[in-house]
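Engineer: Have a look at this one before I ask anything.
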Amino acid sequence: MTTLSEPTTPTGAPRRYVVADLGGTTLRIGRIAEGGDRVEAVRRTATQGLGRYQELSAQELQDRVVEQLARELEAYLATPEGADANAVGVSFAGPMTKDGTVLAGPTLWGGPAAPLPIADILNRRLTVPVVVANDITAAAWRYASTEPDPFCLITISSGIGHKVFRNGEVLISDSGHGGEIGHWRVDPREDAVPCECGGRGHLGGIASGRGVLTAARRAASADPAGFAGSALAESAHGTPDGITNEALARAVRVDDVFATRLLRGCLLPLAMAVNCVFTSIGVRRYLFIGGFAVAVGPRFITLLGDELTKLGCFGLDEEEIRSMLALGAADDDHCLLGMAHMLAGTLPAAAGIGGCV
């Protein structure tokens with residue numbers, strides 16, 4: 001088996017990587033040179049998963065997603081942009097073991113399906129070494145060199161995930177447990193909001209972009225007068241089902257009463273989650289990324305800070321609590337850049353390839 005510790009480029013020449021991010025909505029593939037800070041030649045395509053084919057079974061969706069990923073990577077490696085790649089790094093939206101077996105894909109295929117040895121599959125299909133990692137694990141590596149203290153990275157997008165980075169490593173077990181705070185059950189009621197994983201009352205089903213959208217449409221149906229007076233009504237053509245995440249984010253940014261009240265309610269359990277992480281392990285830095293959080297922008301941090309200060313954090317005053325929260329970079333390259341950092345920082349010293357770093 002080839003390892004990336006073997007020389008594959010002329011002396012002094014940087015390695016080149018193809019990096020991919022498979023999310024619940026979009027599959028993105030690009031290239032980046034070792035040490036680079038910009039992803040080039042990015043290709044985007046809609047993920048062939050739960051978001052598009054809700055009528056298919058979880059196993060059918062898993063098969064479809066895996067085939068799409070392998071096919072798109074093969075095609076990219078055959079282009080001039082990818083032909084000189086020394087390795088491929090893939091970030092995957094789901095918990096996985098250290099050897100690169102995906103245990104679940106709630107935003108990709110929903111409910112239970114067979115464990116997926118994605119690292120082995122891709123290494124058999126592709127012509128260059130492949131390393132896979134959970135998407136938030138990969139994203140955390142983007143910030144590892146700029147955050148001097150332990151930090152918790154939380155993504156608010158199709159779902160919610162988190163990872164804690166401390167002492168040069170992401171805190172997850174070899175068996176893939178940890179870093180899935182989106183599946184913390186914050187509402188124990190039997191009729192609580194369903195989560196895409198099949199459970200109910202999970203944080204991700206309430207406070208993710210999809211969760212907030214569902215809550216907004218329900219609130220609009222339950223309070224037609226409030227909805228009619230909201231900035232959301234015009235963009236949604238007066239129908240709750242016409243509300244979009246983009247419109248929600250715009251309305252919150254201008255402090256629309258209906259949209260802001262709705263988001264505050266969804267952010268309370270997220271504030272509880274931050275409080276839990278702080279209280280349990282003492283991390284005092286929380287970075288938020290993901291399409292929905294970035295779309296709302298600084299107002300997201302302000303509103304979350306409001307809820308967190310109401311709860312209180314043991315031993316901290318309001319200024320200290322609010323200072324813990326910040327937005328990550330306002331782009332969608334976290335996982336792609338993070339995978340490049342992982343490949344450059346860990347693989348040259350690795351004994352082999354094909355797993356999750």
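The values are calculated or read from the model by the stated rules, or taken from the named source; none is laboratory data. This one's a predicted model, so the numbers in the text were calculated from it and none came from an experiment. Glycine gets a Cβ as well: all are built from the backbone with ideal geometry, and neighbour counts include every protein chain shown.
Engineer: Just to be sure I understand the filter: pairs with C-beta atoms under 7 Å, separated by 6 or more residues or on different chains, first member in segment 316-336 and under 22 Å from residue 141 (Cα atoms), second member basic (Lys, Arg) and in a helix (DSSP H, G or I). Which pairs pass?
Structural biologist: From residues that are under 22 Å from residue 141 (Cα atoms), the pairs are 334/142.
Engineer: Is one or more of the residues making up segment 65-74 within 22 Å of residue 332 (Cβ to Cβ), surrounded by 18 or more Cβ atoms within 10 Å (Cβ to Cβ) and β-branched (Val, Ile, Thr)?
Structural biologist: Yes; the residues of segment 65-74 include at least one that is within 22 Å of residue 332 (Cβ to Cβ), surrounded by 18 or more Cβ atoms within 10 Å (Cβ to Cβ) and β-branched (Val, Ile, Thr).
Engineer: Based on what the data block shows, is residue 210 modelled with pLDDT of 95 or more and assigned to a helix (DSSP H, G or I)? Explain how you work it out, then say what you get.
Structural biologist: Details: modelled with pLDDT of 95 or more: no; assigned to a helix (DSSP H, G or I): yes.
No.
Engineer: Could you check residue 24 against (1) within 18 Å of the chain's Cα centre (by Cα); (2) outside any loop (DSSP other than H, G, I, E, B) and say which number it fails?
Structural biologist: (2)
Engineer: If you don't mind, another one. Of everything in segment 75-93, what is at pLDDT below 95, touching a Ser or Thr at 6+ places or on another chain (Cβ under 8 Å) and over 14 Å from residue 338 (Cβ atoms)? Give them in sequence order.
Structural biologist: Within segment 75-93, just 86 meets the criteria.
Engineer: Sort out which residues of segment 207-227 are crowded, with 24+ Cβ neighbours inside 10 Å and in contact with a Ser or Thr (Cβ under 9 Å, 6 or more places away or on another chain), and write them in order of number.
Structural biologist: 208, 209, 220
Engineer: If you go through segment 125-140, how many residues are surrounded by fewer than 20 Cβ atoms within 10 Å (Cβ to Cβ) and part of a helix (DSSP H, G or I)?
Structural biologist: Matching residues across segment 125-140 total 1.
Engineer: Can you tell me which residue is farthest from the chain's Cα centre (by Cα) among those in segment 232-265 that are aliphatic (A, V, I, L, M) and surrounded by fewer than 19 Cβ atoms within 10 Å (Cβ to Cβ)? Outline the logic, then answer.
Structural biologist: Taking segment 232-265 as the starting set, the residues that turn out to be aliphatic (A, V, I, L, M) are 232-233, 236, 243, 247-249, 251-252, 254, 257, 259, 262-263.
From what's left, surrounded by fewer than 19 Cβ atoms within 10 Å (Cβ to Cβ): 254, 257.
Working: 254: 26, 257: 28 Å.
So, considering only residues that are aliphatic (A, V, I, L, M) and surrounded by fewer than 19 Cβ atoms within 10 Å (Cβ to Cβ), the one farthest from the chain's Cα centre (by Cα) is 257.
Engineer: Considering (1) touching a strand residue (DSSP E or B) at 6+ places or on another chain (Cβ under 7 Å); (2) surrounded by fewer than 16 Cβ atoms within 10 Å (Cβ to Cβ), say which one residue 195 fails and leave the rest.
Structural biologist: (2)
Engineer: Can you name the residue in segment 85-124 that is of a type in the set (D, E, K, R) and either within 23 Å of residue 26 (Cβ to Cβ) or part of a loop (DSSP other than H, G, I, E, B) (or both) and is also farthest from the chain's Cα centre (by Cα) among such residues?
Structural biologist: So in segment 85-124, the residues of a type in the set (D, E, K, R) come out as 98-99, 120, 124.
Applying the additional criterion that residues be either within 23 Å of residue 26 (Cβ to Cβ) or part of a loop (DSSP other than H, G, I, E, B) (or both) yields 98-99.
Numbers: 98: 18, 99: 20 Å.
Across segment 85-124, the extreme among qualifying residues is 99.
Engineer: If I filter segment 161-169 for residues that are small (Gly, Ala, Ser) and at positive phi, do I get at least one hit?
Structural biologist: If we filter segment 161-169 for residues that are small (Gly, Ala, Ser), which is where we start, we get 161, 168.
If we keep only those that are at positive phi too, we end up with 168.
Yes, because at least one residue in segment 161-169 is small (Gly, Ala, Ser) and at positive phi.
Engineer: For residue 173, which of the numbered conditions (1) assigned to a loop (DSSP other than H, G, I, E, B); (2) under 19 Å from residue 306 (Cβ atoms) fails to hold?
Structural biologist: (2)
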